[in-house]
Structures are given as structure tokens and as C-alpha cells.
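The values are calculated or read from the model by the stated rules, or taken from the named source; none is laboratory data. Keep in mind that what you see is a predicted model, and the values were worked out from it rather than measured. In this analysis, Cβ positions are derived from the backbone assuming ideal geometry, glycine residues included, and neighbour counts consider all displayed protein chains. For the accessible areas, the whole protein counts, side chains as well, though only heavy atoms, and no ligand, DNA or RNA atoms are used. Shrake-Rupley method; radii C 1.70, N 1.55, O 1.52, S 1.80 Å.
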Amino acid sequence: MRFYSTNSKQSFVPFREAVFSSLPKDKGLYMPESIPTLDVEFIKNIDQYSFSEIAFKVAENIIGDDIPAADLKRIIEETVNFDAPLIALKDGSYILELFQGPSLAFKDFGARFMSRVMAYFSEKSKQTLDVLVATSGDTGGAVALGFTGVPNTRVTILFPKGKVSAIQELQLCTNDSNIHALEIDGTFDDCQALVKKAFNDDDLNEKLNLTSANSINISRLIPQTFYYFYAYSQLVKKGIKEVVFSVPSGNFGNLTAGLFAAKMGLPVKHFIAATNANDVVPRFLSGQAYETRAAIATLSNAMDVGNPSNWDRIMDLFDQDTDKIKKQLTADTYSDKQTTAAIEEVYYKNQYIVCPHTAIAWLAGQAYRTKNQGDYALVALSTAHPCKFPDVFPKGIGENIKVPESVNELRKGEQKKQLLGTSFSEFKTYLLNYPA
């Protein structure tokens, strides 16, 4: 499969180059030349396949022969080695639990796949690969665990000071020597801007072998399509064949992956982009101008993005036609007060605890169902294990969260981080004089 830039459809690169360069030189984002539709019989009988079998079929569909089948199967088996179960709530909706992996967040799927793809392509190379990643919370932890101990790699994680939870920070700052954490005195958008500037700096690219682990990297998006198909397979086993997905949305990579899945033939009735106060997309789809803003800090910090990179991919996917987007996608925004109320409602009606991001997805799903009656499954995608946000939960709920043993082990580790401002020259100097 070849990939083009959202800013230019005239030139193409192979999958390997798209993975390692992360961003095209014209500052666009890589997109597959085409998105082939999966075999109708496969979709029809999808409930007969395991999670890893579904993932392999989907990955092979996008990647083609860039990675031989045997190697791709091994990568998939190492990526999808934990479950993503559908949890039924008493209101008839479902939560797709995506936090069963090592970092307790949905981003484990993308980070594990990407790290193994990069390791596969880098196997014969002696040059150190410098992986840059900006995180608003969960991406960094997933990437850190995905790349820990991977030969010939250095990972630099940028996170906004004071805007990630204590457990998230532990996951960022207690890793092996090839993982470096930078605490940026700014917002997630500042972190993301520094990473993007690095990729467009000729001097850095001449001296370092840079790549990104954010959802701007196409290899992060591909594995996120896997669990949409797997969720549908679980519904088919229940006799349900129509689904609406409500997706917590910050940088919009997760939603983009869902739209990829639909393009591949997954029968999705509708998508909902569920956002917090950072409502760039809901405003745009309601008829206002697309206007990025400084990120607003909320309880759902992994969604605190004022300039969502992947929206360019979604616009490209629909040929820049907003009317086409609106037929398949709606967007809603919710406050912290509404988020807390949703957490309480889900808990007291179901004895089930959702993280603040998942709560927003559930809220958006309920609002959609009120306006759109029908015989379909409403699936809210989860973001992370609730234990990662201990300060969010009201009294009577937080103390009932079961903390995994892996979190207790994290607390024993030594934290290593360095504080930087938002100056690109300071960040560039750090990269050029990498600590031992």
C-alpha cells in the first residue's frame, strides 16, 4: 500500500517511509492511497474469528504486502494479547473496555503495534531511532511501555506540567533508560507544536533519525481499527447487526480509525464524536467556522486538545465535504459538571465505574438515542482504567475502584523527568545534546 499527504495527492511513499517520517515534508498527514473493502463473507461471519484473526485480516487489508504475512501475524499476536470486552449496562447500551493492556488505556493497541512495526523495519539498521511523542495523558504511558527495551530506540515524551494525573505521570517517568520524559510548562497543544516543529526542522532531521508515536503516525491509527471490528463481532454473537459508536474525542485519532473501519466495510449506522469543553469540532459541525483555540483543562484531560490534528484526515476521507461528514458523524460537547453527574448515574444504576472520558462518550450516546429511536446497539468506547483519575470521582465511588497490582508496582519506581519551557530552541538543544 502506498500513502499520500493530505496536502498533496500527487506523490506517494511506501508504508515504511510513512511510518518513519511520520509527517510528510509538506506538513500534511499520511493517508492510504485507497482503503480496500474487506470480503463480504468475512464481515458476514466475523463472529467466528478470534480478536487476533480479525486484527490480522484488517491490518493485511491496509498494509498489503509491505510486511510478509508471517511477520505481520507475529506483530499482531504481540499487539493483541489482551481482551477488549463489551460490557452491557442496564440501560441497554454497552461500554467497550479498551483498558485491559499494560498501560491501562486504549492507546496500548496503537503503541504496541507501532513499536513492533518500527522494530521490524529497523532490525537491520544500526542507527538510533528517535521517537517523539506529545501526550495529554495516556499516549505517553502506552508508548513508554510499548518501546521499553526496544533496541536502537530512544523515546522522548512531552507532557504538560500539572495537567496529567499522578498515575499517568508515574507511567511516563518511571521507565527504562531509553525512555525520557519532558515536563513542558504549557499545554498539550504546546507539546504537540514542539513535536511538529522538530519534524520540520532540517537541522534536526539531518542529525537525528526522527519519528513520531502520536496519532499523526499512520501506524498508530491502523491498529485502532481492530477493536471496532471486534466490538461488532461480539454484537453479532448476541444477534445484533446494527451499531452506533460514541467515541471520546481529543486529537480525533480514535474516531478516524473508526471511520477507516467503516470505509473497509464495517456496517456502522453512525458515529458520535464526544468532546469536553474543547469543542472545535462540535462548533464546526453546527455551522460555525473551524477555529482552533488554546486547550482548556478539564477532568477528561486526555481530550484537552484545542487543535485536533486528525481532523485533517477526516476532512480528506470525505473529500472536504462537510455535508458528507454530517451524514455519518455528529458531535456533542459536555462540561465537567455533566461528566461528574454521568459518572454517578452509571455507577449507581450499574455498579460500574467509568473514567471521565468514557462518561462523556456514554452521555453523548444517551443524547443520540433520545433523538434517534431504533433497534441498534449503542457502544461507548472507553478510554482508560478509572484508577488513573483518582481525584475525579465523587465520594462513595472512588474508594470502590479496584487498583491493578501493576499500579502499585509503579509507585515503587524512581521518577525521572526534566522541566522545559515552550521554546523550540530549548527543545532542539535538548535533542541535539541528548542525556546519556
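Is the C-alpha gyration tensor of region 182-279 telling us rounded, prolate or oblate? Criteria: a/c under 1.5 is rounded; beyond that, a/b larger than b/c is prolate, otherwise oblate. Prolate is the answer for region 182-279, as a/c is 1.5 or above and a/b outweighs b/c. The stretch between Asp203 and Lys349 holds 46.9 nm of extra length on full extension. This uses 0.36 nm per residue minus the Cα-Cα distance. Among rounded, prolate and oblate, which fits region 292-436 when a ≥ b ≥ c are the square roots of the eigenvalues of its C-alpha gyration tensor, a/c under 1.5 means rounded, and a/b larger than b/c means prolate? Oblate is the answer for region 292-436, as a/c is 1.5 or above yet b/c matches or exceeds a/b.
Work out the length of the dipole vector of the chain about its Cα centre, built from +1 on the beta-carbon of each Lys and Arg and -1 on the beta-carbon of each Asp and Glu, and round it to the nearest 20 debye. Numbers along the way, then the final one.
On the way: 45 positive and 50 negative charges, 69 e Å.
Roughly 320 debye for the chain.
Of the residues Ile272, Asn251, Ser215, the one whose Cα sits farthest towards the positive end of the charge dipole of region 202-282 is Ile272 (charges of +1 on Lys and Arg Cβ, -1 on Asp and Glu Cβ, taken about the Cα centre).
Label region 34-91 by shape, choosing from rounded, prolate and oblate, from the square roots a ≥ b ≥ c of the eigenvalues of the Cα gyration tensor; if a/c is under 1.5 it is rounded, and otherwise prolate applies when a/b is larger than b/c, oblate when it is not.
Details: a/c = 2.44, a/b = 1.46, b/c = 1.66.
Since a/c reaches 1.5 but b/c is at least a/b, the shape of region 34-91 is classed as oblate.
By the rule of a C-alpha distance below 25 Å, with chain neighbours fewer than 8 residues away ignored, the lysines paired with Lys44 are Lys57, Lys73, Lys237, Lys238, Lys241, Lys263, Lys269, Lys327. Here the gap between Lys412 and Arg293, fully extended at 0.36 nm per residue and compared with their Cα-Cα distance, gives a gain of 39.0 nm. The residues of the chain expose, per residue, 39 Å² of accessible area to a 1.4 Å probe. Summed over qualifying helices (DSSP H, 4 residues or more, each -39500 (n - 2.57)) and divided by its residue number, the chain shows a 222 nm mean residue ellipticity of -12000 deg cm²/dmol.
If R0 is 25 Å, what FRET efficiency do you get for Asp91 and Lys402 from their C-beta distance, rounded to 0.05?
Values: r = 23 Å, r/R0 = 0.91.
For Asp91 and Lys402, the calculated efficiency is 0.65.
Protein heavy-atom surface of the chain, 1.4 angstrom probe: 46% of the accessible area is carbon and sulfur, with nucleic acids and ligands not counted.
Given the chain, what percent of its DSSP beta bridges are antiparallel, to the nearest 5? Walk me through the intermediate numbers first.
Numbers: 10 of 47 bridges.
Percentage antiparallel, nearest 5: 20.
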